[in-house]
Amino acid sequence: MTKTISRRDFLKGTIASASTLALSSVIGGTSAMKAKAADTKINVMVWDRGNAAPNTTTEDNALTQWIREQMQETYGFDVEYTSVPRSESDDKVNIMMAGGSAPDIVFTYSQSLYYSYASQGGLKDLTDLYAEYGGNISEYCSEANEGGIAELDGARYAVMKQRGTANARHTAYIRKDWLDELGMEMPTTKEELETYLYAVKDAGLGTPWAMSGRSDTEEMYLNFVGSYVTLEDDRTAYIYNEYCMAVAPGAEDGLRKLNEYYNAGLITQEFYTDTDESSYLADLANGKAGFCNGDTTEPWDSINVLNTTMGEVDATFQPIMCFDLPEGGYRTPYEYRYAMFVMIPSTTSDEKAACCMQYLDWLADPANAVQVRYTPDLTYNDLGVAVEPSEDEKNEKGYPGTCDDLCIMNLNFDWVNDYEIMAQSNYQEQTNEWASVEWYENYYDVCNTGKYIFPSYGYISDAEATYGTDVQNRMLTWVYNCISCSTDSFDSTYQSGYDELVNAGLQKILDARAEYYDSL
């Protein structure tokens, strides 16, 4: 089990002492490392979102300066930062890695990218460094670093960031006020949802199902299409993991149903042109839609706007679980407990690599991580939950707009997976009261229904490394084409698109996954 510092200790103000105790007990030979690293400077990647405080930069601000001071006082080495645009970070890292100019610490969410670097000799072997300096990572980020996800041929080439709250990947929301107006109960099955969608259309209330055409995620259809698929065992789940779910046995029926809905006018027409989701989120906020399924918390701002306009708490959208499985029950795909692959390039010297591991291990200590995530001036509410500073507070004190971008190892604080506390804390932190405590409690109950985590392994086949990105991009386009084509052309659109996916390497990927699983 992953361990955390208790809220009681936080509330007693023992962050500094807890941090000192953790460092002294976990990291041996600190004085020796200080002497060795006196003139060492490591360079750390940081995302640039364009939201630095006035008169500061992403690389140089109150938070980066504070972290530098901690490193100098604790270990004796210096830290500098290299900013990378968030929207194109993987491309930028690729360029720097290829040119030998990458920072000493880089990171990515892409397992394929990590595997490519590790298998081609681009990353430092961290096995011994992790054993010597990774005590906090091992203790506080164990869920993220177990299972060999960051290992290749028995060697460790990355450490994994530990996520905070265990979250569902996607969540559906439905207009409770429209259900009431139609005299209908909350749907619990796809059949009942369909009845509601047609009723919304017949009553002229608005677009029954709001959808967007984002080109980087399966969020608009994954839960629905996946509910037509029976995952008989882990082998099947691994082969058709996430982006391949649309080609799993049974998924064609789900795509055909969405095509039916689209041609019946139940789904946003020309949704596929809304690649940035601006129209989708605007439709939710303006009260033009009756149902949606997407990123789990992304609709909250839109629901806030709509409920505020309506002038009533909990007035409109409610979280809902209604995608029943063929065998009964539900399946809610959850995020993995690991987040980013945090890596040290092979071009980094051994001395700097040791400093890098100590830097990461320091960030893994929750007593340090919470100060990075919420700033060293953090406060707690009466539930013992750290309070997110306002944008004005960050700007005034010179902290970055997204402090989380510097907290690259651990977000697993004591309160984050206590859903009762999270519901109360979400309620308290609202800038305006658009949702009740009960609304948030229902949200966590819905997300926790049918909780499912797809199997994962620290292996990417040559086929996946070669064809995976292209197939994933083609898959999204194919699904959108299947949804939006005419009814009489569905079969041909489905088959021709599937054949293109196979020609692009899909079957090679599926076969390689099956072969690897069978070899375990």
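The values are calculated or read from the model by the stated rules, or taken from the named source; none is laboratory data. Worth saying up front: this structure is predicted, and the values here are computed from it rather than measured. All Cβ positions, glycine included, derive from the backbone under ideal geometry; neighbour counts span all protein chains shown. The protein model used for the area step is the full one, side chains on, heavy atoms only, and it has no ligands, DNA or RNA in it. Shrake-Rupley method; radii C 1.70, N 1.55, O 1.52, S 1.80 Å.
Observations
- Applying 0.36 nm per residue to the separation of Asp491 and Ala203 and subtracting their alpha-carbon distance, the gain on full extension is 100.6 nm.
- Each of Asp91 and Asp234 was given a label point 7 Å from its Cα along the Cα-to-Cβ line. The distance between the two points is 3.8 nm.
- Euclidean distance of C-alpha centroids, the stretch 82-160 and the stretch 430-483, integer Å: 23
- FRET efficiency, 1/(1 + (r/R0)^6) with R0 30 Å, evaluated for Asn286 and Asp216 via beta carbons: 0.75
- Carbon plus sulfur fraction of accessible area for the stretch 132-189, probe 1.4 Å, in percent: 38
- Shape of the stretch 418-474 from the C-alpha gyration tensor: prolate (a/c of 1.5 or more and a/b above b/c, with a ≥ b ≥ c the square roots of its eigenvalues).
- Qualifying GluC sites (Glu not before Pro) in the stretch 183-282, DSSP loop, other Cβ atoms within 10 Å at most 15: Glu185, Glu232, Glu270
- Spacing of the modelled spin labels on Arg49 and Asp377, each 7 Å from Cα toward Cβ, amounts to 1.9 nm.
- Computed magnitude of the charge dipole of the stretch 380-502 (debye, nearest 20; Cβ of K, R +1, Cβ of D, E -1): 360
- Entries of Lys161/Lys451; Lys92/Lys508; Lys394/Lys451; Lys124/Lys451; Lys257/Lys451 with Cα pairs more than 32 Å apart: Lys394/Lys451; Lys124/Lys451
- Considering only Gln472, Gly213, Leu123, and ranking their Cα positions along the charge dipole of the chain that arises from unit charges at the beta-carbon of Lys, Arg, Asp and Glu, the one farthest toward the positive end is Leu123.
- Judged by the ratio a/c of the largest to the smallest principal axis of the C-alpha gyration tensor, the stretch 224-371 counts as oblate, that ratio being 1.5 or greater while a/b is no larger than b/c.
- With all protein chains kept in place, the per residue accessible area of the stretch 53-201 amounts to 42 square angstrom at a probe of 1.4 angstrom.
- Loop sites in the stretch 414-503: GluC sites (Glu not before Pro), DSSP, at most 16 other Cβ within 10 Å: Glu429, Glu433
- For the stretch 385-393, 3J(HN,Hα) computed residue by residue from phi via the Karplus equation (6.51, -1.76, 1.60; θ = phi - 60°) reads 9, 4, 9, 5, x, 6, 4, 5, 5 Hz, glycine and proline entered as x.
- With the helix formula -39500 (n - 2.57) applied to DSSP H stretches of n ≥ 4, the chain reaches a computed 222 nm mean residue ellipticity of -13500 deg cm²/dmol.
- Counting protein heavy atoms only, the stretch 377-520 has 43 percent of its accessible area on carbon and sulfur, 1.4 angstrom probe.
- Charged-residue dipole, Cβ positions (Lys, Arg, Asp, Glu), the chain about Cα centre, Debye nearest 20: 1020
- When the square roots of the Cα gyration tensor eigenvalues are ordered a ≥ b ≥ c, the ratio a/c for the stretch 139-182 is 1.5 or more and a/b exceeds b/c, which makes its shape prolate.
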